[in-house]
1. How would TYR325, TYR336, TYR192 rank on accessible area, largest to smallest, probe 1.4 Å?
2. About its Cα centre, what dipole magnitude does segment 271-313 give when the only charges are +1 on Lys and Arg Cβ and -1 on Asp and Glu Cβ, stated in debye to the nearest 20?
3. Roughly how many nanometres apart are two label points built 7 Å out from the Cα toward the Cβ at ASP90 and ARG163?
4. Ranked from highest to lowest mean number of other Cβ atoms within 10 Å per residue, what is the order of the peptides 311-319, 260-268?
5. Taking only Cα atoms, what is the 0 to 90° angle, nearest 10, from helix 30-42's long axis to the longest principal axis of the chain?
6. Over segment 176-304, what is the mean sequence separation of C-alpha contacts under 8 Å (at least six apart), divided by residue count, expressed as relative contact order in percent?
7. What spacing in nm lies between the two simple spin-label points modelled at PHE420 and ALA314, each 7 Å away from Cα in the Cβ direction?
8. Could you tell me which residue out of VAL188, LEU155, TYR242 lies farthest along the dipole of segment 115-256 toward its positive end? Charges go on the beta carbon: Lys and Arg +1, Asp and Glu -1, centred on the Cα centre.
Amino acid sequence: MESLRELKPGMVWSYFEKICKIPRPSRKEEKIGAWLMEFAREHQLEARQDEAGNILIIKPATAGKEQVPTVVLQSHMDMVCEKNSDVQHDFDKDPIEPYIDGEWVKAKGTTLGADDGIGMAAALAVLTSEDIQHGPVECLFTVDEETGLSGAFALKSGFFKGRILLNLDSEDEGEIFIGCAGGIDTVVRLPYENESTPGGQFAVRVTLKGLQGGHSGDDINKGRGNAIKILNRFLWDMNEKYGISVAFFEGGNLRNAIAREAAAVITFDEKLKENIRIDFNVYAAEMERVWKLTEPGLKMELESADLPAKVLTAGATEALLNSLYACPHGVFSMSYRMPGMVETSTNLAAIRFTEDNVILITTSQRSDIDSEKLNIAHMVASVFRMAGASVEHGEGYPGWLPNPDSAILKAAVDSYKRLFGKVPVVRSIHAGLECGLFLEKYPGMDMISFGPTLRGVHSPDEKINIETVEKWWKHLVDILETL
């Protein structure tokens, strides 16, 4: 079976396959936006697009359902663009290549974009279906959910009419989400001095790859390794033991993804070649042992490299390695209000050397509690300020406070019990959803978030479970038909 449209429900998978062919990186949603507007014209549906690029497509109620409250089906257009280092793929031009692997749909060496392409596909299937009985439906497609929520931020009051919203951007079938964490970005600019590489030096390139990575919110408590932290620990050890110089350090990519790969070029006295090789072998073996259960694909390599013309000074090397070592990463605290859920976390996301002698370090923080979100962000800032860096915090976005008395939640729970004979899990999610921003623009909005099962989101390991798409679709349709 090669075509996704042969899967069930056929209409949903057919639209998802079409969406995969359209490039849609965050902040570059022009092509998918144009396609959605053309879709509306082809199906004679009312549609409009705001200045930010958000799109609303409206479908009238079916006969006899005109008095049912309007329901907003919401998903986002953009996708996280991550690929394996050995894969040639231009996300601005090339289509995603999905394929079926047993009970999952995956992509060839890249993120799949089921986050949130499958939500878009389900909304489009509702818009074109002729056999679903429903009240008025407004399908809201937002831009730039993954990097800044700028579409939701720019949304103006009155763009849509509905006061019941179904967010189609969750990743665990059988779970209904009624709250989410707020978040903020903390971007570090660490200036550095370099010098000509002294004589008698030897250079090696150290790489770390094979980690799972994943979503910096939903996967932060799953014991996954951070490539930057693991590699930096080795460099710090070597600097303490021998005194090394760093010429290059790069790792991670997006603020909302756990760093999967990292690489560094270091130099040291040529007489230390054998010592450092032995120490590396010991360290690599230890990391494989430490991460055996959660990161079985971890792989470290050390190879000789061309001697760089310049390296960081001893002081700059110390400042970089010490601050990265001290920078917190991972779960900071667990929730007491909702046992088993992360309350506050931070992600050391990426490091890059720029051309103007600045090391750019990207981090992000999340929490259910706004003051704790700021607390962990300030903690990260203080670490890097001690190293002489300048630090900027992003605007941030609010959390979504759970409403256990929600009417749409009750309808969704009753629907699930009737369809599948069991009670769904109701909880908050430690990830950013646009719902918090919708509440600011539309006070009193009644919302839930639900979706099929996705794994490896925000990484090239992203995959979507085929069976759960059908269950989720049946649940969505039943909610619309029974409201």
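1. Details: TYR325 95, TYR336 210, TYR192 30 Å².
Descending accessible area places them as TYR336, TYR325, TYR192.
2. Working: 7 positive and 8 negative charges, 22 e Å.
My answer is approximately 100 debye.
3. Placing both labels 7 Å along Cα→Cβ, they lie 5.0 nm apart.
4. Details: 311-319: 19.4, 260-268: 22.6.
Packing proxy ranking, top to bottom: 260-268, 311-319.
5. Helix 30-42 and the main axis of the chain meet at about 10 degrees.
6. Numbers: 179 pairs, mean separation 45.9, N = 129.
In percent, rounded to a whole number, it is 36.
7. Once both label points are built, they end up 6.2 nm from each other.
8. TYR242
The values are calculated or read from the model by the stated rules, or taken from the named source; none is laboratory data. Just so we're clear, the structure is a prediction, and the values are computed from it rather than from any experiment. For neighbour counting, all protein chains shown are included, and Cβ atoms are generated from backbone atoms with ideal geometry for every residue, glycine included. SASA here: full protein model, heavy atoms, side chains in, ligands and nucleic acids out. Shrake-Rupley method; radii C 1.70, N 1.55, O 1.52, S 1.80 Å.
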